[in-house]
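The values are calculated or read from the model by the stated rules, or taken from the named source; none is laboratory data. Not measured: the values here are computed from a predicted model. Positions of Cβ are generated from backbone atoms using ideal geometry, with glycine treated the same way; all protein chains shown enter the neighbour counts. Accessible surface areas use protein heavy atoms only, side chains included; no ligands, DNA or RNA. Shrake-Rupley method; radii C 1.70, N 1.55, O 1.52, S 1.80 Å.
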Amino acid sequence: MARLTIKNVSKTFGASHAVRDFSLDVEDGELVCLLGPSGSGKSTLLRMIGGFETPTGGSILIDAKDVTALPPERRPTGMVFQSHALWTHMDVFNNIAFGLKLRRLPKSEIKERVEGALTLVGLAEYGKRMTTQLSGGQQQRVALARSLVLEPKILLLDEPFASLDQHLRERLREEVRDIQQRLGITTLFVTHGQDEALALADRIVVMRDGGTEQIAPPDVVYREPQTEFVAGFIGSMNFIRTSICGGKSQHPAFPVSVPIDDGDVVLALRPEAVSLRASSSFSTAIIHRSIDFGTHKIVDIDLADGTRLKAMTAPDSNWARGMGVEPVARVFRAYRDNKLVHQSAATPEHNHDRILGNV
Ligand SMILES: Nc1ncnc2c1ncn2[C@@H]1O[C@H](COP(=O)(O)OP(=O)(O)OP(=O)(O)O)[C@@H](O)[C@H]1O
Ligand SMILES: [Mg+2]
């Protein structure tokens, strides 16, 4: 049981800022995902929490105790690294037992705890295997067990499943979530997979250039992205560049009301928030193609100005290449200088009946 506080932490390497003035409170038992593009500072931040990197400024507290200057082995943290390194000359049991031996625990307790950890990650029968004889997914689980066996108060996971195929990754992340909830371990999970963050997290921290763009629960990040960057990073999004004059967008295909000062804006709308109407005119938009995903179709539409939009439609819709169409934005947001400046009336974007073709 532990609470993590990160206060104004920064890290520079020479002239480059890997992490900038980063602050975050992680509650006891909470799972927070750090999400961001490559190079946004996720690993650096995690390594500072684990004690593998020293902050240039700021402090890190665990249960109100300042751990900023403590080495990794004196922190109540366990870390699974981005490139997990198991010892190939040891069997699974000894890989997991290693940290406990360093702590000079009695042999019988080591055995009991290693067996417990193996059972927890579903590898009860694998103690005697060499790690080279395991599949990628099994190796990831051993790396996880090696951290869990030390009973950390805080678990730090740096893209633990990045190298695995989609199915295995989904299964393992569900297992991690179950284990994490069962043990109530405060967890920070780094990923650059937005699906992973949406599926796992109590809260998501969206990082960019070492700073935070937004910190919120998954549904809020998805429905109320506070910056254009977040809007484009999480889920699928259409962007339309337009200018506002007298509270109205000047884009011919989207003459929507946007009650803000005159000037350029970017309208953002999700595929599920775009409705399509047949149009005999080809001047607004033309269907480029329609892709059938079974549960729904994604229709690509070319606007007259060359912008391509995606619309989600019912699986039995008949939109076909070359048809003239009029796209209608049911829900949209407007961004200026990366900041949210307007959100249209909060009707649900995802009209299931419409998508499923019941309307
Ligand atoms: N030891 C180091 N020396 C110099 N620069 C570093 C060092 N470690 C990281 N950086 C730089 O700090 C920035 C953040 O790196 P970091 O590894 O934290 O990114 P990341 O978000 O984990 O990226 P990825 O998704 O690719 O793993 C990058 O620009 C990186 O080049
Ligand atoms: Mg990284």
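Tabulated data for the structure shown
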| item | result |
| --- | --- |
| The lone exception for residue 98 - which of (1) assigned to a helix (DSSP H, G or I); (2) in contact with a Leu (Cβ under 8 Å, 6 or more places away or on another chain); (3) hydrophobic (A, V, I, L, M, F, W, C) it fails | (2) |
| Filter result for residue 24 (under 25 Å from residue 103 (Cβ atoms) and touching a residue at least 40 places away in the same chain (Cβ under 8 Å)) | no |
| Filtered residues of region 213-234 (kept if open to solvent by less than 40 Å² (accessible area, probe 1.4 Å), without any contact (Cβ under 8 Å) to a residue 24 or more places away in the chain and not in a helix (DSSP H, G or I)) | 214, 216 |
| Residues (at pLDDT 85 or above, within 16 Å of ligand 2 (Cβ to nearest atom) and not in a helix (DSSP H, G or I)) located in region 175-197 | 188, 189, 190, 191 |
| Residues that are among the charged types (D, E, K, R) and either at pLDDT below 85 or open to solvent by 40 Å² or more (accessible area, probe 1.4 Å) (or both), drawn from region 154-172 | 165, 169, 170, 171 |
| Filter result (under 21 Å from residue 243 (Cα atoms) and either open to solvent by less than 60 Å² (accessible area, probe 1.4 Å) or over 33 Å from the mean Cα position of the chain (by Cα) (or both)) within region 307-333 | 307, 309, 326, 327, 328, 329, 331, 332, 333 |
| Residues of region 157-212 satisfying the condition of being aromatic (Phe, Trp, Tyr) and either touching a residue at least 60 places away in the same chain (Cβ under 8 Å) or away from ligand 1 (no atom under 16 Å from the Cβ) (or both) | 189 |
| Residue in region 132-150 that is away from ligand 1 (no atom under 16 Å from the Cβ), of a type outside the set (A, V, I, L, M) and over 30 Å from the mean Cα position of the chain (by Cα) present | yes |
| Filter pass, residue 83 being at pLDDT below 90, of a type in the set (Ser, Thr, Tyr) and in the same structural domain as residue 216 (by TED's automatic domain parsing) | yes |
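Each row is one residue, and each column tells you yes or no for (1) more than 25 Å from residue 161 (Cα to Cα); (2) of a type in the set (D, E, K, R); (3) in a strand (DSSP E or B).
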| residue | (1), (2), (3) |
| --- | --- |
| 19 | no, no, yes |
| 49 | no, no, no |
| 60 | yes, no, yes |
| 86 | no, no, no |
| 94 | no, no, no |
